[in-house]
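Read the figures in this text as sums done on the coordinates, not as results from a lab. Keep in mind it's a predicted model, so treat the numbers as computed, not measured. So basically every Cβ, Gly included, is an ideal-geometry build from the backbone, and we count neighbours across all protein chains shown.
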Amino acid sequence: MENQVTFRLPREVARVLARRARERGVPKSQLVREALETYLAAPVAESGPMETRQRIAPFIGAVTLDAGAIERDAIARQIRQHNWRP
């Protein structure tokens with residue numbers, strides 16, 4: 001390796017990293033390199049409406065709307081009336 005980078009991780013991220021490394025039987029540094037390579041290989045996202053839609057696409061339709069619950073809750077009903085687009 002030519003370069004070395006030192007950084008701090010939040011405790012929970014470090015725990016998950018250590019667990020995944022043990023599960024795969026590889027050093028933590030290898031997992032970090034793989035993650036960075038994957039992240040850096042991804043195309044740079046443009047900022048705009050299309051990029052946002054692409055990011056949320058897997059979640060569209062994942063949550064169902066309980067219309068009855070909204071009608072029973074005055075605040076939820078008010079928010080829906082104010083923000084909902086037909």
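Starting from the exponent 0.38 and prefactor 2.2 Å, build the expected Rg for the chain from its residue count and divide its actual Cα Rg by it.
On the way: Rg = 21.6 Å, N = 86, 2.2 N^0.38 = 12.0 Å.
Rounded to two decimals, the normalised Rg is 1.81.
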Quiz item: In the Gaussian network model of the chain, springs joining C-alpha atoms below 10 Å, which of A41, A76, A21 carries the largest mean-square fluctuation?
Solution: A76
Quiz prompt | Least to most buried among F59, F7 (fewest other Cβ within 10 Å first) | solution = F7, F59
Quiz item: Once Lys and Arg get +1 and Asp and Glu get -1 on their Cβ, which of V63, L40, A21 lies farthest toward the positive end of the dipole of the chain?
Solution: A21
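What net charge do the residues around A35 carry, taking every other residue with its C-beta under 11 Å from that of A35, with Lys and Arg at +1 and Asp and Glu at -1? Don't jump to the answer; show the numbers that get you there.
Numbers: positive: R20, K28, R33; negative: E34, E37.
Here the charged neighbours net out to +1.
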Quiz prompt | Residue-count net charge about A69 - beta-carbon cut-off 15 Å; Lys, Arg +1, Asp, Glu -1 | solution = 0
Quiz item: From the phi of every residue in the range 66-74, what ³J(HN,Hα) in whole Hz does the Karplus formula 6.51 cos²θ - 1.76 cosθ + 1.60 yield, where θ is phi - 60° and glycine or proline is x?
Solution: 8, 4, x, 5, 5, 5, 7, 9, 4
Self-check item: Cα centre as origin, Lys/Arg/Asp/Glu Cβ charges: the chain dipole, Debye
Solution: 360 debye
